[in-house]
1. When you look at the Cβ of every residue in A:177-184, what mean number of other chain Cβ atoms sits within 10 Å?
2. Take residue A:80 and residue B:66, extend 7 Å from each Cα along the Cα→Cβ direction, and tell me the distance between the two endpoints in nm.
3. Per q in 0.29 Å⁻¹, report the Debye log10 I(q)/I(0) for the stretch A:299-357, using one uniform scatterer on each alpha carbon and no solvent.
4. What 222 nm value per residue comes from the helices of chain A, counting each DSSP H run with n ≥ 4 as -39,500 (n - 2.57) and dividing by all residues, nearest 500 deg cm²/dmol?
5. Taking the Cβ-Cβ separation of residue A:249 and residue A:42 as r and a Förster radius of 35 Å, what is the calculated FRET efficiency to the nearest 0.05?
6. Round to the nearest 10 and give me the degree value, 0 to 90, for the angle of helix A:407-417's Cα axis relative to the longest principal axis of chain A.
7. Given points 7 Å out from each Cα along the Cα-Cβ axis, report the residue A:144 to residue B:91 separation in nanometres with one decimal.
8. What's the FRET efficiency of residue A:412 with residue B:73 using the Cβ-Cβ distance as r and R₀ = 45 Å, to the nearest 0.05?
Ligand SMILES: Cc1cc2nc3c(=O)[nH]c(=O)nc-3n(C[C@H](O)[C@H](O)[C@H](O)COP(=O)(O)OP(=O)(O)OC[C@H]3O[C@@H](n4cnc5c(N)ncnc54)[C@H](O)[C@@H]3O)c2cc1C
Ligand code: SF4
Ligand code: SF4
């Protein structure tokens with residue numbers, strides 16, 4: 001942050017120009033607030049990594065021009081879910097058609113959001129790592145990066161999952177592996193015609209594909225595949241608590257990159273991107289169990305917390321909603337600041353409007369409803385066990401030499417083969433169905 | 001006429017995983033002169049499982065014999081090592097303003 005070009009007093013300082021911070025800054029600047037948006041990265045969007053699919057409707061509330069203008073890779077028209085066990089796989093496909101979600105490359109999408117914020121009048125400072133949120137008498141009064149200090153009536157923390165600033169301020173405890181997963185991703189360049197032929201889709205179609213089972217060598221987690229225009233995003237996500245346990249027990253003695261490579265080369269999937277080159281590789285943390293990750297409050301005197309930093313991310317094992325939640329929480333924060341300004345000032349009491357808005361929102365309701373997922377995540381073997389039993393069932397039904405089993409025989413055969421009682425299976429199913 | 005065996009007659013070999021260092025060639029960094037992460041190796045000596053060796057996606061932690069060696073240059077700033085280190089051996093920060101990994105497609 002060069003101190004010469006940037007005034008040192010703002011209405012609002014937003015730390016972190018991801019989806020959450022960019023949306024907050026955009027909406028506030030549009031309403032005439034004096035906004036500073038600060039990002040540690042150099043190029044637009046260059047610290048951004050996610051899986052690959054964004055739900056559109058919450059974003060349209062901020063940018064109605066989204067469908068026309070945003071760097072959308074493909075609209076998702078097909079949802080696939082695969083259970084994998086060894087080389088065997090069971091896949092379910094749903095063909096939709098509505099423009100509900102799209103695939104994207106996050107650096108491009110976020111760069112678009114950042115430019116929107118800048119065009120609306122926000123001052124956008126890149127290459128500026130904020131070192132601390134400054135407090136005076138228990139109230140946040142601004143931010144410091146190196147020797148540069150900027151004061152603001154309200155600071156919005158949009159720093160993402162790795163909350164160094166909130167930790168330094170003593171607001172959240174040190175990040176613990178209990179609520180965190182690591183995602184490792186490869187982008188594979190295939191070319192659009194090969195991609196469309198391999199996935200069996202048209203040029204105006206896209207696939208979002210979730211893989212559960214033993215892509216992660218028995219460590220609970222899963223894999224994802226998203227089709228972009230001419231590349232495919234693939235990756236694995238592993239829960240760090242379970243990964244540590246698996247290393248301790250000797251079950252995991254591979255490097256985590258080998259899990260992605262194993263997935264890329266898995267016999268069931270590898271022909272989808274045959275001959276592709278890897279055009280990028282990376283890793284990023286993400287949240288498991290949003291509400292237990294959330295800070296105690298989302299509003300502190302002079303400070304609002306939005307996006308991942310606020311624990312606002314829903315991950316059910318099948319559905320993943322982080323970008324749209326981040327944008328939507330940014331929208332609610334901007335509205336609350338506007339509300340406060342028009343109700344006598346940016347006081348703590350007025351800013352509490354943000355917390356009320358979050359609690360009234362679809363995000364909070366869903367995070368509460370999906371709490372059972374946390375239970376599910378606590379039983380590390382459940383997903384792979386379910387995958388084994390279902391694949392066992394189909395393998396009994398389809399892999400035959402002479403005798404054809406009745407469905408009942410196939411079912412009980414699969415249960416005994418995998419050492420599973422009907423009771424246990426039912427309780428797994430109930431937890432899974434409740435959770436998902 | 002020479003009796004060369006045609007390559008196409010052979011069964012195509014199982015595809016092999018790439019090496020991590022080759023995969024990382026596809027990434028771009030603006031490398032800082034100073035490390036943003038500092039490891040207290042004396043704690044690593046007593047660390048029983050050394051999870052950083054397996055879980056750092058960029059392979060920044062390697063073993064030389066029994067000794068852990070850390071190099072910051074290829075770090076993708078995910079924060080995993082900070083979270084999983086059981087010995088509190090890591091002083092973790094982001095790279096200085098504007099430095100580090102520069103994603104384009106992910
Ligand atoms: C592997 C993986 C797969 C995912 N898949 C999906 C998916 O398919 N769909 C989906 O919707 N969501 C997905 N997510 C989640 C989604 O990426 C996040 O929820 C979303 O990016 C959160 O936005 P944010 O703005 O809160 O934080 P971030 O996107 O993390 O942005 C934070 C920004 O703040 C900057 N910053 C941090 N600290 C500082 C500082 N001290 N000073 C200056 N700048 C700072 C960072 O550089 C960054 O640009 C995935 C995440 C991962 C890791
Ligand atoms: S986990 Fe921590 S203490 Fe253990 S080897 Fe790695 S850096 Fe050292
Ligand atoms: S932050 Fe991530 S990439 Fe960097 S050294 Fe730690 S684990 Fe490796």
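1. Working: counts 7, 1, 1, 4, 1, 8, 3, 6.
Going residue by residue through A:177-184 and averaging, the value is 4.
2. That separation, rounded to one decimal, is 4.8 nm.
3. Debye output, listed in q order: -1.12.
4. On the way: 17 runs with 158 residues, N = 436.
Counting only the DSSP helices, I get -10500 deg cm²/dmol.
5. Values: r = 41 Å, r/R0 = 1.18.
For residue A:249 and residue A:42, the calculated efficiency is 0.25.
6. Value to nearest ten degrees: 70.
7. My value for the distance between the label points is 1.7 nm.
8. On the way: r = 56 Å, r/R0 = 1.25.
It comes out at approximately 0.20.
Rule-based calculations on the coordinates, nothing more; no lab input. Treat the numbers as computed from the prediction; the structure is a model and nothing was measured. Neighbour counts run over all protein chains shown; Cβ positions are idealised from the backbone, glycine included.
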